[in-house]
Amino acid sequence: MAALFGVFTGTAVLLFIGTFPPRIVDAFHDFPWWTAWVVATETLCALALLTAGLTGRPRLQRGAARALAGSYCFSSAWMLAIRGLGHGTEADVVWHEAYPSIIVIGLVPFLRTRMVLLLAGALFTVVGLLAVDDPGRGVVVNILHMYGLGGFSVAVAYAILGIATLSDEESERTRERISIASVAEAEQMERERVDGLIHDAVMSTLLAAAGVGSEPRVVASAENALAELDALRFPRGDDQLVPVEDFVHSLRSGLHFIDPGLAVTTSITEAPVEPILPVSVVRDLTAAAAEALRNSVIHARGHRRSATVSYRDDAGGPLTPGVVVVVEDDGPGYDSRTVPPHRMGTRASIVGRMDAIPGAGATIETAPGAGVRVSLTWTTP
């Protein structure tokens, strides 16, 4: 906000000086060195203020504002000392009395309020005395008039600065709240990711080991769980992209690990050959599909199940291409309204995992006696 004060003050002073060339010429005939000093210093300071405000250089702006105020105070006091009262109508004096409040406004962001008010009072008094037409009368009225006009301008400047300060503070608080919310959301997503991994890999392996002992498949499952835990502790390569065909191979391997006889149908002839899927998306899509299949193996034992993976131009809507994975069975199904909210299988391992992926989603269609159909989608950015 301080930069705007610099732009305003610098522009206003330049406009005032540029508005009075004939009067400045007249003043130069009577007071050549004074006029040259005023025009040169105040023009340079105004240009510095304008440049500092536009380029965001607060130190330069602060120095230019103080130099401008010092020059204006010196020139006004000197004129009052050599001319005295009673020359307020002379053209060589009037032009320099037009903008004392502008000078004070330039200092508002950089000085304490008490210092600004003291400077404003002194400056308005000097300029008010310079503008007196007749030293025998109207001195107090003229000074009060200058205080009224200049004081109103300075008060407006302080009001604007106060509003801007409140706005900046509120913006900072909003950014802080957003940052805290983002951290909390990231922590929740990571917690759900860990919960899903524990449920999908660790608990399923322990249950299998408790039931059938150290069969080769259980050993392989344990090794896979350990590898996933290591990947969670030391993530690497998540931003690397892979083509759709590689994703299909990964998905097929993950599903066949759970159900070796599963029929996996693919339809990726229209998929681009260049890599488009991040490794993290491949991992989470595969894990979500594997959990859907694992649930089917447990709850729809003896029923037919299948999986399809396809690349579609409308996976996420019209003209939104992406990958679609469907795992379904013709088992007994269930009433989704009766599933407790604390159950991890669908909430964290499927829906939660997919919701955490930008551009991904999961839908579960089921009803008692109607089987289960789990659809996973991911759309290209």
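The values are calculated or read from the model by the stated rules, or taken from the named source; none is laboratory data. Since this is a predicted model, take the numbers as computed values, not measurements. As a convention, Cβ positions derive from the backbone with ideal geometry for all residues, glycine included, and neighbour counts pool all protein chains shown.
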Inset, instruction - Scan segment 1-18 and report the pairs whose first residue is more than 9 Å from GLY53 (Cβ to Cβ) and whose second residue is small (Gly, Ala, Ser) and at pLDDT below 80, with Cβ atoms within less than 8 Å and a gap of 6+ or a chain change. - result: MET1/ALA164; PHE16/ALA98
Inset, instruction - Give the residue, chosen from ALA40, ALA46, that is hydrophobic (A, V, I, L, M, F, W, C), free of Cβ contacts under 8 Å to residues at least 60 places away in the same chain, in the same structural domain as PHE124 (by TED's automatic domain parsing) and more than 22 Å from VAL108 (Cα to Cα). - result: ALA40
Legend entry - Matching option when the condition is within 16 Å of ALA65 (Cβ to Cβ) and surrounded by fewer than 16 Cβ atoms within 10 Å (Cβ to Cβ), among THR9, THR55, THR19: THR55
Legend entry - segment 321-352: number of residues that are modelled with pLDDT of 80 or more and charged (D, E, K, R): 4
Inset, instruction - Being part of a helix (DSSP H, G or I) and at pLDDT below 85 narrows it down to one of LEU54, LEU85, LEU49, so name that one. - result: LEU49
Legend entry - Only one of ALA69, ALA36 that is in contact with a helix residue (DSSP H, G or I) (Cβ under 8 Å, 6 or more places away or on another chain) and either of a type in the set (Lys, Arg) or more than 18 Å from LEU4 (Cα to Cα) (or both): ALA36
Inset, instruction - Could you run through segment 252-268 and say how many residues are closer than 16 Å to VAL242 by Cα and in a loop (DSSP other than H, G, I, E, B)? - result: 1
